[in-house]
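**Q** Right, I'll just put the structure down here and ask away after.
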Amino acid sequence: MRRLKISIRPVPLVAAMAAATLAALGAAPAASASPPALPAPGLQETNPQEAATILIRAARLIDGNGTLIEPGNILVAGERIVAVGPAALEPPNDGFIDLGDVTILPGLIDLHTHLTDRVGTHWEEVLITTTPAQAALWGAANALTTLRSGFTTVRDMGPTWPYTDVDLRDVINAGVIPGPRMQVAGNYVSATGGAGDARQFSIYVDVPVVRNLADGVDAVRAAVRTNHKNGADFTKILATGAVLSRGLPPGAQQYSDAELAVAVEETNRWGRFTAAHAHGTEGIKAAIRAGVRTVDHGSMLDDEAIEMLLESDYTYYVPTLYVGVIVPRGGAALGVPEEQIRRSTEMMRYRNATFRRAMEAGLTVGFGTDAGVFEHGHNAREFQIRVENGQSEMDAITSATSISAMIMGWEADVGSLEAGKYADVIAVSGNPLDDITALERVIWVMKGGEVYKGARPAG
Ligand SMILES: [Zn+2]
C-alpha cells in the first residue's frame, strides 16, 4: 500500500528569515504559509540594477546540477547570481575576482550538523558542565569555521541546551556574526531513556529549564508545538536509540508508530518538515511510514526500507558515514566513552554496506555529517568515504548541493549556480572530479555576494 503523499513545502528562505525576524521582534507570528515579505536585517534584498556587479573568473565550474562548465565564470550582482558560464564572459562589471586554475561550485550544504556542540565535551555532560551561553558562543565560532570550510548552508540537528541554535540562526541572519544559512531543530524530541535523553545523572539531580523528553502522543504533540512556537524550523525526532548515548541501543525503535505519526502530523500543520534520527531497521521503516522528510543516519536499511524510499517522492535518506569511521578510530580523543565507541564499531558493519546497497539501487540521498561529534570544518571528509563506497564524484557533489537544497525546501535560493539564486559560491584548487578530497581544502568562500575566505574583488 502506498502512503499518501503530503505536499508540504516550507516557506521560502527569505520569507522564513523575515518570519524569524518578526518573531525576534516580538511581533505576532504569521498566521498562514505566506508571512509578510519583510527582509531580515543584513539580508536586505538588493536591486540588481543598483547593486555592484562582480565577475568571478575560474577555469571551470560544477553547477550543482551535475554539469561541468568551462570556463567557470559567474556574474554576481549584490547578493544574487545574474549569469553563469559563457553568458558571464564580458559583463559591464564593477570589479572582478580572477581565481585562476580552480573549480568553483555552489556553497556546500550539510543536512546534519550540531553547531552549538563543542568537540571533546560529550553531549550527555553538557547539562551539568556547561552553560547555554557557552553553547551560543562556541556556536558562533563553529558557524564561522563551517562557513569558511565551504558549507554555506546547514540544517542543524539540535543543541543540548534547547533553542541556542535558534538564537545562533537569528544573529547570523541579522548580520551580527558570520555563519552559514541555517534551519534549526530547536529542541529535539526524545523519549525518556532514549537517544536524546541527556539526563544521564543521578535521579536526584534535575535541570528544570530543560524539557526535551516527551512520552505518549499527547506529550509528543505538545513538544512539537512548543518547539515551533519557540522558533524551530523543523522537527527532529529520535525514532531509534543512538550510537553516542547511554540510552537504549541504536538498533531499537524508540518511538511507537503512533508517536511518530503525531509528530509528523503536527509538524505538517506548521508547514514544516520532520527529520528522524534512525539507525535500526524497524525504526527507519516506522519513520518512513509516518511521513518524515529525512531518515538521518539510516544505518540499517534493509531491502524493504530501500524499496520504500525508492517509492517515496518525499522521504530521503541522509547517511552520515565519516562519523561512523572516525569514532571507532579516534573516539577517545573526541571525548566519546568506551561503551559508545563499542556501539559505533558494531554499527560500522552496517553503515557503509547500507550505503553501497543504496547506491546500487539508485537511491537519491541527501548529504549529512554529524559535525560537532567530530571537528567542525571537517564536514567535507564525508565525500571521500562516499566515493569509496560507490557514489561518483559528481553525484556526491550534487547530493551536497542541489539535492540537499531540495530536501530543505530551499531549492529556489541555494544549491546550484544559476541566475537568481544567492551568490553562495566556493572554490577549490584543481578538479574535485579527479580528486574528491579537494573539497576538504576550500580556498575561497562567498556567501550572498560577500567574500568570507580568499581573494576579494579588484577592479
Ligand atoms: Zn546528530
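**Q** State yes or no: is residue 97 crowded, with 22+ Cβ neighbours inside 10 Å, more than 16 Å from the ligand (Cβ to nearest atom), in contact (Cβ under 8 Å) with a residue 60 or more places away in the chain and farther than 22 Å from residue 370 by Cα?
**A** Spelling it out, residue 97 is indeed crowded, with 22+ Cβ neighbours inside 10 Å, more than 16 Å from the ligand (Cβ to nearest atom), in contact (Cβ under 8 Å) with a residue 60 or more places away in the chain and farther than 22 Å from residue 370 by Cα.
**Q** Another question, if that's okay. I'm told residue 455 meets every condition in (1) assigned to a loop (DSSP other than H, G, I, E, B); (2) at pLDDT 95 or above; (3) not charged (D, E, K, R) except one. Can you identify the failing condition by its number?
**A** (2)
**Q** Of the residues that sit in the range 288-339 and are more than 17 Å from the chain's Cα centre (by Cα) and among the acidic types (Asp, Glu), which one is farthest from residue 260 (Cα to Cα)?
**A** Per the criteria, the residue is 338.
**Q** Is one or more of the residues making up the range 381-389 closer than 30 Å to residue 73 by Cβ, within 16 Å of the ligand (Cβ to nearest atom) and either of a type in the set (Phe, Trp, Tyr) or within 18 Å of the chain's Cα centre (by Cα) (or both)?
**A** Within the range 381-389 (the criterion being closer than 30 Å to residue 73 by Cβ, within 16 Å of the ligand (Cβ to nearest atom) and either of a type in the set (Phe, Trp, Tyr) or within 18 Å of the chain's Cα centre (by Cα) (or both)), the answer is yes, since at least one residue qualifies.
**Q** A follow-up question, please. Condition first: basic (Lys, Arg) and either away from the ligand (no atom under 15 Å from the Cβ) or modelled with pLDDT of 95 or more (or both). Can you find one or more residues in the range 116-128 that meet it?
**A** No.
**Q** Any residue at all in the range 185-196 that is hydrophobic (A, V, I, L, M, F, W, C) and either modelled with pLDDT under 85 or closer than 30 Å to residue 422 by Cα (or both)?
**A** yes
**Q** Restricting the search to the range 134-166, which residues are assigned to a strand (DSSP E or B) and among the β-branched types (Val, Ile, Thr)?
**A** Within the range 134-166, 152, 153, 154 meet the criteria.
**Q** So which pairs qualify, if the first residue must be in the range 150-176 and over 20 Å from residue 277 (Cβ atoms) and free of Cβ contacts under 8 Å to residues at least 40 places away in the same chain, the second must be assigned to a helix (DSSP H, G or I) and away from the ligand (no atom under 15 Å from the Cβ), the Cβ gap must be under 6 Å, and the two must be at least 6 apart or on different chains?
**A** 167/136
**Q** I'd like to verify a number: residues in the range 140-160 that are at negative phi, touching a helix residue (DSSP H, G or I) at 6+ places or on another chain (Cβ under 8 Å) and within 15 Å of the ligand (Cβ to nearest atom), how many?
**A** Residues in the range 140-160 being at negative phi, touching a helix residue (DSSP H, G or I) at 6+ places or on another chain (Cβ under 8 Å) and within 15 Å of the ligand (Cβ to nearest atom): 5 in total.
**Q** Looking at 280, 291, 298, which one is of a type outside the set (A, V, I, L, M), within 29 Å of residue 215 (Cβ to Cβ) and within 15 Å of the ligand (Cβ to nearest atom)?
**A** Just one listed residue meets the conditions, 298.
**Q** Restricting to the range 319-333, and then to whatever is of a type in the set (A, V, I, L, M, F, W, C) and either part of a loop (DSSP other than H, G, I, E, B) or surrounded by 23 or more Cβ atoms within 10 Å (Cβ to Cβ) (or both), can you tell me which residue is nearest to the ligand (Cβ to nearest atom)?
**A** 323
**Q** Look through 199, 181, 169 and report the one residue that is more than 18 Å from residue 451 (Cα to Cα), crowded, with 24+ Cβ neighbours inside 10 Å and more than 16 Å from the ligand (Cβ to nearest atom).
**A** 169
**Q** Right, here's the next one. Which residue pairs have Cβ atoms closer than 7 Å, lie 6 or more positions apart in sequence or on different chains, and pair a first residue in the range 292-318 that is part of a helix (DSSP H, G or I) and of a type outside the set (Lys, Arg) with a second residue that is within 16 Å of the ligand (Cβ to nearest atom) and modelled with pLDDT of 95 or more?
**A** 305/284; 309/317
**Q** Further question: Just to be sure before I move on: is residue 223 part of a helix (DSSP H, G or I), free of Cβ contacts under 8 Å to residues at least 24 places away in the same chain, touching a helix residue (DSSP H, G or I) at 6+ places or on another chain (Cβ under 9 Å) and among the small types (Gly, Ala, Ser) in the structure I sent?
**A** Judged against the criteria, residue 223 is not a match.
**Q** Return yes or no: is residue 310 away from the ligand (no atom under 15 Å from the Cβ), in contact with a Phe, Trp or Tyr (Cβ under 8 Å, 6 or more places away or on another chain) and closer than 26 Å to residue 389 by Cβ?
**A** no
**Q** Tell me, please, whether a residue that is more than 18 Å from residue 166 (Cβ to Cβ), out of contact with any strand residue (DSSP E or B) (no Cβ under 8 Å at 6 or more places or on another chain), modelled with pLDDT of 90 or more and not in a loop (DSSP other than H, G, I, E, B) can be found in the range 202-218.
**A** yes
**Q** Next up: Do you know which residues across the range 409-449 are surrounded by fewer than 20 Cβ atoms within 10 Å (Cβ to Cβ) and under 17 Å from residue 145 (Cβ atoms)?
**A** Answer for the range 409-449, where residues must be surrounded by fewer than 20 Cβ atoms within 10 Å (Cβ to Cβ) and under 17 Å from residue 145 (Cβ atoms): 440, 441, 443.
**Q** Could you say whether any residue in the range 397-416 is free of Cβ contacts under 8 Å to residues at least 12 places away in the same chain, away from the ligand (no atom under 16 Å from the Cβ) and among the charged types (D, E, K, R)?
**A** Scanning the range 397-416, I find at least one residue that is free of Cβ contacts under 8 Å to residues at least 12 places away in the same chain, away from the ligand (no atom under 16 Å from the Cβ) and among the charged types (D, E, K, R), so the answer is yes.
The values are calculated or read from the model by the stated rules, or taken from the named source; none is laboratory data. Source: prediction; values computed, not measured. Here Cβ is always computed from backbone atoms with ideal geometry, including for glycine, and neighbour counts include all displayed protein chains.
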